[in-house]
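The values are calculated or read from the model by the stated rules, or taken from the named source; none is laboratory data. For clarity, every value in this text was computed on a predicted model and none was experimentally measured. In this analysis, Cβ positions are derived from the backbone assuming ideal geometry, glycine residues included, and neighbour counts consider all displayed protein chains. Please note that ligands, DNA and RNA were not included when accessible areas were found on the heavy atoms of the full protein model with its side chains. Shrake-Rupley method; radii C 1.70, N 1.55, O 1.52, S 1.80 Å.
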There are 2 protein chains.
Amino acid sequence: MSTSTARLMDGTALARRTVEETAARAAEITRRTGTTPCLATVLVGADPASVTYVKMKQNRCAQAGIRSRHVELPAETTTEELVAAITALSEDPEVHGILLQHPVGPHIDERAAFEAIAPEKDVDGVTMASFAAMGFGLPGFVSCTPGGIMRLLDAYDVELSGKRAVVVGRSAILGKPAGLLLLGRDATVTYCHSRTTDLSAAVREADVLVAAVGKPRFIKGEDIKPGAVVIDAGYNPGNVGDVDFDGAAERASLITPVPGGVGPMTIAVLLAQTVDAAERQLGL
Amino acid sequence: MSTSTARLMDGTALARRTVEETAARAAEITRRTGTTPCLATVLVGADPASVTYVKMKQNRCAQAGIRSRHVELPAETTTEELVAAITALSEDPEVHGILLQHPVGPHIDERAAFEAIAPEKDVDGVTMASFAAMGFGLPGFVSCTPGGIMRLLDAYDVELSGKRAVVVGRSAILGKPAGLLLLGRDATVTYCHSRTTDLSAAVREADVLVAAVGKPRFIKGEDIKPGAVVIDAGYNPGNVGDVDFDGAAERASLITPVPGGVGPMTIAVLLAQTVDAAERQLGL
C-alpha cells in the first residue's frame, strides 16, 4: 500500500465489536431482570428487499441475545390499521424497541406511521421527536445510519470541531440528521443535494465528506480534498457506493469501503439502541 | 444612491402589510365566530428587557385585533409550576397561541417549559415538534425570526433554489431553523458558528447570508460576495447589527437595515401565526 492511499475505515470490525458489547449488555439485562430486550419489527407487504432486510435484522437480534417480535401486515393495510398496530406495540411493556421497515406503500402516510412509535421505543430514530433531539443535542435515539457514521468517525479519532463537513443528500433519516449530528460536534456543515449547482466546488471544501445520495460513483475522486475523511453511505447495485472509491482513495486520508463500511454499522446501532431502550424501560 | 449600493429590504413596511392582513383576518374570525383570536403571553420574573418585549407584543396584538391573555409568574417559579401554567393554557380552548418569553431563569428547564406548549398553539415555533416540521417540510408553525426572514426573501423575489446560503449562528430558534427552511427551499446551506475556523472563506461563498450571531459588526463588509443578499438578524446595543452595514451595502444587491429589517418581521409572524392557529382551532 503506497503512502498516497487512504486507510480503510473498517465498519465490519467496528460493527462486530459493537454487537459483542451489545450482546453482553443484553445478557446482563436478561440475567438481572429475567426480561430479554425485545425489538418489534413491522413489515407491510412482501417486497423482497424489505423481507430480506427484516430477516437480516431479526438474525442479528438473535445473535446478540435480543428477542424479536415480528408483525407482518398485508400490502393493502391502511394508514389507520398500521398506526393501530404500531400504537399497540408502543403500549406493550414487553416490547422495548420498534422498527417499521420502510418505505411502506405509497397509499400509506409513512409519517403518521412513524409518529405512532413512542419516542422511548424509537430505536431506529425516525420520529420527529428523535429528529429534534438530534438537532438540539438532547438525549434520545439517533437515526441508525448517521449514528453509525458518528461511531466510525469516533473510532478513527477524526477531529470534527471547526472542520468543514459536507453532507451530500438531505433525506429525513440520513442526510439531514447526519448534518445535525456533525453540527452538534462543532463541524461547519454544508448540505448539498440534487439542486446544488456546483457540487464539485462544495465537495472540494470538505475535510469530512458524507455521501448519502444513492447514485453510483456520483462523487468524483478528483473532487476529494487531499487528506479528507470520506464516508460513503451509498449502497447501489453491484456493491458500488456513491463515491468513486479508487479515485477518492488516492486522495483521502480515511475512507469507508462499500460494502463493509457504513452498512454494517447501521444494524449495530439499531441493536445497541434497542438495548439502551430496554435498560431505560426496565429502570436499569 | 450609486449603482454600487445595495437596495434596502424594508422590514418595517413588509411587517406593516403583514399585520394589516392579519388584522383583517382576525376581524373576520371575530365577525364569523364571535370569538377573537387570543395569544397568551407568559412571563417569568421581571427582567426589564423581557417586560418590554412582552408589552410590545401585547400592544401589537391589540393593534391587530388579537386578544392577549397575560400570565405573570414570580422569578422563583419552578419548572413544575411553569409547566403546569403552560399546560393549563394548552388545554384552555379560549387560548389559541402561547408565547413563553425567554430566556427564563437558569433554574428552570426551558426545554420542558417549551414542550408544555401544545404544538397546535406553538405560534412562536419553539417546540421540538415545530422544529422537526421545519426540518421535514411538514405543516406547522415556524420559529418567528426565521419565518420573518423567509417572508422578506420572498417579498424581494430572491431566488433560493441552487443558491449557496450561509447561516452564521446555530441557535435552536434562529440559526438552525433558518438553515432548515432555506434547505427546504432547495438552497445549498452552510452552517457557521463560533467554532468555524475560517469564517471569512465561508461567508465569501454566500449568495444569501443570514447573520444570527449576536456580535456587533461581526461580519466584515469585505467578505460579502458581490451581488449577495444579506439578512442581518442581529440586534446589538447601539442599534447595530451583526454585519458591518456600510461595507456590506457596497457589495450586496439587497440588505436588511438594523433596525427596520428582520426585527419588525418577527412580531408580524407571531401575530400571523396566532391567527392561523385560531382559524384552525375554530375549524375555519
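For the range B:34-118, the Kirkwood estimate of the hydrodynamic radius, built from every pair of different alpha carbons, is 13.0 Å.
Structure shown: which of A:Lys163/B:Lys220; B:Lys57/B:Lys225; A:Lys57/A:Lys225; A:Lys163/A:Lys215 lie over 31 Å apart, alpha-carbon to alpha-carbon? Show your work: numbers first, answer last.
Details: A:Lys163/B:Lys220 21 Å; B:Lys57/B:Lys225 36 Å; A:Lys57/A:Lys225 36 Å; A:Lys163/A:Lys215 26 Å.
Checking Cα-Cα distances, B:Lys57/B:Lys225; A:Lys57/A:Lys225 exceed 31 Å.
Percentage of Cα-Cα pair distances in chain B greater than 33 Å, rounded to whole percent?
Details: 9208 of 40186 pairs.
Roughly 23 percent, once rounded to a whole number.
Tell me, what is the FRET efficiency for A:Ala27 and A:Asn236 to the nearest 0.05, using R0 = 30 angstrom and their Cβ-Cβ distance as r? My answer for the efficiency is 0.20. Between copies, the label points of B:Asp157, set 7 Å from Cα on the Cα→Cβ line, lie 5.7 nm apart, reported in increasing order to one decimal in nanometres. Within the assembled protein chains, the solvent-accessible surface assigned to B:Thr145 is about 30 Å², based on a 1.4 Å probe. Rounded to two decimals, the Cα radius of gyration of the protein assembly as shown over 2.2 N^0.38 Å is 1.02.
Taking a straight Cα-Cα cut-off under 16 Å and skipping sequence neighbours fewer than 8 places away in the same chain, the aspartates and glutamates within cross-link reach of B:Lys121 are B:Glu91, B:Asp92, B:Glu94, B:Asp276, B:Glu279.
Taking every Cα-Cα distance in the range A:226-284 and sorting them into 5 Å bins from zero, the calculated P(r) comes out as 4, 18, 20, 15, 12, 9, 8, 7, 5, 2 percent.
For chain B, what is the percent of antiparallel DSSP beta bridges, rounded to the nearest 5?
Values: 1 of 30 bridges.
Close to 5 percent.
Of all DSSP beta bridges confined to the range A:136-284, the antiparallel ones make up roughly 5%. All distinct Cα pairs of the range B:144-263 go into the 1/r average, and the inverse of that average, the Kirkwood radius, is 13.6 Å.
I want to make sure I understand the PRE zone here: with the label point 7 angstrom from the Cα of B:Phe136 toward its beta carbon, which residues in the range B:182-217 have backbone N atoms less than 20 Å away? Answer for this model: B:182-186.
How large, in percent, is the carbon and sulfur part of the accessible surface of chain B at a probe radius of 1.4 Å? Don't jump to the answer; show the numbers that get you there.
Details: 6060 of 11630 Å².
Of the solvent-accessible surface of chain B, carbon and sulfur hold 52 percent.
Rolling a 1.4 Å probe over the protein heavy atoms gives chain A an accessible area of 41 Å² per residue.
Rounded to the nearest 5, what % of the DSSP beta bridges within the protein assembly as shown are antiparallel ones? If we restrict to bridges inside the protein assembly as shown, about 10 percent are antiparallel. Eigen-decomposition of the gyration tensor built on the alpha-carbon atoms of the range A:193-258 gives equivalent ellipsoid semi-axes of 16, 15, 9 angstrom, largest listed first.
Rounded to a whole number of µm²/s, how large is the Stokes-Einstein D of the range B:78-228 at 20 °C and 1.002 mPa s, given Rh as the Kirkwood radius over C-alpha pairs? Walk me through the numbers on the way to the answer.
On the way: Rh = 16.7 Å.
After rounding, the answer is 128 µm²/s.
Only counting protein heavy atoms at a 1.4 Å probe, give the residues of the range B:101-141, ordered by number, whose accessible area falls by 10 Å² or more when the other protein chains are present relative to the chain alone. Residues passing the criterion (a loss of at least 10 Å², heavy atoms only) are B:Arg111, B:Met128, B:Ala129, B:Phe131, B:Ala132, B:Gly135, B:Phe136, B:Leu138. Working from the Cα coordinates of the range A:139-185, the gyration tensor eigenvalues give, after taking √(5λ), semi-axes of 16, 13, 10 Å in decreasing order.
Comment: the Cα-to-Cβ extended label point of B:Arg32, at 7 Å, lies 5.7 nm from its counterparts in the other copies, nearest first. For the range B:184-229, the Cβ-based charge dipole about the Cα centre amounts to some 220 debye (Lys, Arg positive; Asp, Glu negative; other atoms uncharged).
Taking the Cα centre of the range A:145-279 as reference, the dipole from Cβ charges on Lys and Arg (+1) and Asp and Glu (-1) amounts to some 400 debye. Helices that extend 15 Å or more along their long axis by alpha-carbon positions and average at least -1.0 on the Kyte-Doolittle scale are, among the DSSP H runs of chain A, A:11-33, A:48-63, A:79-91, A:144-155, A:262-281.
Label-to-label distances for A:Leu73 across copies, nearest first, come out at 3.8 nm, using points 7 Å from Cα in the beta-carbon direction. For the range B:87-173, a simple Cβ point-charge model (Lys and Arg +1, Asp and Glu -1, everything else neutral) yields a dipole of about 500 debye relative to the Cα centre.
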